[in-house]
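Any read-out appearing in this document is the output of simple, stated calculations on the displayed coordinates, not a laboratory observation. Just so it is clear, the model here is predicted, and its values are computed rather than measured. A quick note on method: Cβ atoms are made from the backbone with ideal geometry, for glycine too, and the neighbour counts reach across all protein chains shown.
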């Protein structure tokens, strides 16, 4: 799991005889941020010495955090040995060895004297635990990890252990890394931010690793994304960018909104020469963009687009605004739908409710929206519906202006004539609006019980 911890140090060259080309590669296991425990843990060192001179000997020494040898230097004679010389050494810290960062050193001597040396560091700790690092992409930017938010692999954290010694680690494919056998105590973890990412949780902090337990540090980042669109001259006023229609420069756009962390945003920009505009580098959140209609022009689309969502690394394009020269009112054809619902069957004398749902699917406001419903002869209203008027058996709801995406639910409670001979009831509701031809929806309800029997006969006497 560890990637960023260097396990091998390049050879260090020294002395005048270094011109002979001697070099040493010295590795160790266990390596920081992991540690070895005094009295029980063993540190293993492997080495590879290459040279072109005549070998004489090498020396192995372990130093404490103050640079003092912890034991006598071990000397191994190698007179005339061929290159390379490879091998390993071990060191078990005695019980009571102080915690800290230690060093091991290999020194090589040829027949002419000292040629090269190499050192590696390793850690000693009295107690061990586990350190878990978590890195995720905070899609909605709210500072916490929600279901479905992915981990980020290959993300580097710089670490400082409880003794103040540095190391680093990198997340795996799932965005986490768990490092076992690290010194217990208080660690410092700091993520290494990459270009294009912004921290929404603290980028660094302390984490306590309990002896025999696990301490976790979690970091969440987002990738800001743009909101963009175009202001264009809508020559035919159809609210669509058609071939040959050009952008309009210099139009003011105002962005407002709230990020996932609750920060309010208020920015302004103007459209460029081709009519395009962009609000770059927006944090995840919910935004609205408003066009200030330039003088001498009339908007052919809504001048405000609400509910624009930005998520991490996902922008919100095509927030377009149409304008046309002149100050007159441009009549557009709104996309308003009506859906009337009622029971499939009913009984004579039964009371039931019709439900009517009206929705504006346009990208602009629908004006003067009105719904009418003629009550059939075999039904009577139980009461005048909320928000409606009634005249000559026609129920009317005047809904006025409906904003883009808005919907209204209307209800009409009726009673079936108990003496009707009809076998079914047919009821139609109609919606109209400025620029909208009437739209209708019909519900048919079948009557299940038979009509009452009429008495036939006369009186004699």
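As a rough guide to protection, the peptides 158-168, 200-210, 442-452 ranked by mean Cβ packing within 10 Å, highest first, stand as 158-168, 200-210, 442-452. Largest first, the extents of the alpha carbon coordinates of segment 194-330 on the three principal axes equal 77, 24, 21 Å.
Here the Kirkwood formula puts the hydrodynamic radius of segment 63-211 at 18.8 Å, using every distinct Cα pair. Segment residue 254..residue 350, full-extension length gain: 29.1 nm, with 0.36 nm per residue of separation and the alpha-carbon distance subtracted. For the pair segment 266-340 and segment 379-424, the centres of their Cα atoms are 36 angstrom apart.
The gain in end-to-end length when the residue 409 to residue 266 segment is fully stretched comes to 48.1 nm, 0.36 nm per residue minus the alpha carbon separation.
If you wrap segment 322-398 in the convex hull of its Cα atoms and look at it from every side, the mean projected area works out to 7.3 nm².
Working note: Cα atoms of segment 162-254, range along each principal axis, descending, whole Å: 74, 25, 17. When 439, 135, 340 are sorted by how many other C-beta atoms sit within 10 angstrom of their C-beta, beginning with the fewest, the order is 439, 340, 135. Length available on full extension from residue 163 to residue 424: 0.36 nm per residue minus the Cα-Cα distance, which gives 85.3 nm. Going 7 Å from the Cα of residue 44 in the Cα-to-Cβ direction, what parts of segment 96-120 have a backbone nitrogen less than 20 Å from that spot? The answer is 102-106, 119-120.
Remark: spin-label model distance residue 318-residue 444 equals 3.8 nm, labels positioned 7 Å along the Cα→Cβ axis. Would you work out the relative contact order for segment 128-222, in percent, from Cα pairs under 8 angstrom that are 6 or more residues apart? Taking the mean separation of contacting Cα pairs over the length of segment 128-222, I get 39 percent. Legend: calculated FRET efficiency, residue 453 to residue 306, from the Cβ-Cβ distance at R0 = 56 Å, rounded to 0.05, equals 0.40. The value of relative contact order for the chain, using C-alpha pairs under 8 Å at least six residues apart, is 10 percent.
As a length-normalised measure over Cα pairs under 8 Å and 6 or more apart, the relative contact order of segment 50-139 settles at 30 percent. Ordering 316-324, 347-355 by mean Cβ neighbour count within 10 Å, with the highest value first, yields 316-324, 347-355. Only beta bridges with both residues in segment 134-210 are counted; by DSSP, about 100 percent of them are antiparallel.
Note on segment 46-107 and segment 140-180: Cα centroid distance 35 Å, given to the nearest whole angstrom. Remark on the chain: Rg and Dmax equal 40.2, 155 Å (Cα only).
May I ask for the equivalent-ellipsoid semi-axes of segment 336-447, computed as the square root of five times each C-alpha gyration tensor eigenvalue and listed largest first in whole Å? Ellipsoid semi-axes (Å, largest first): 28, 13, 11. Beta bridges assigned by DSSP with both partners in the chain are antiparallel in approximately 90 percent of cases.
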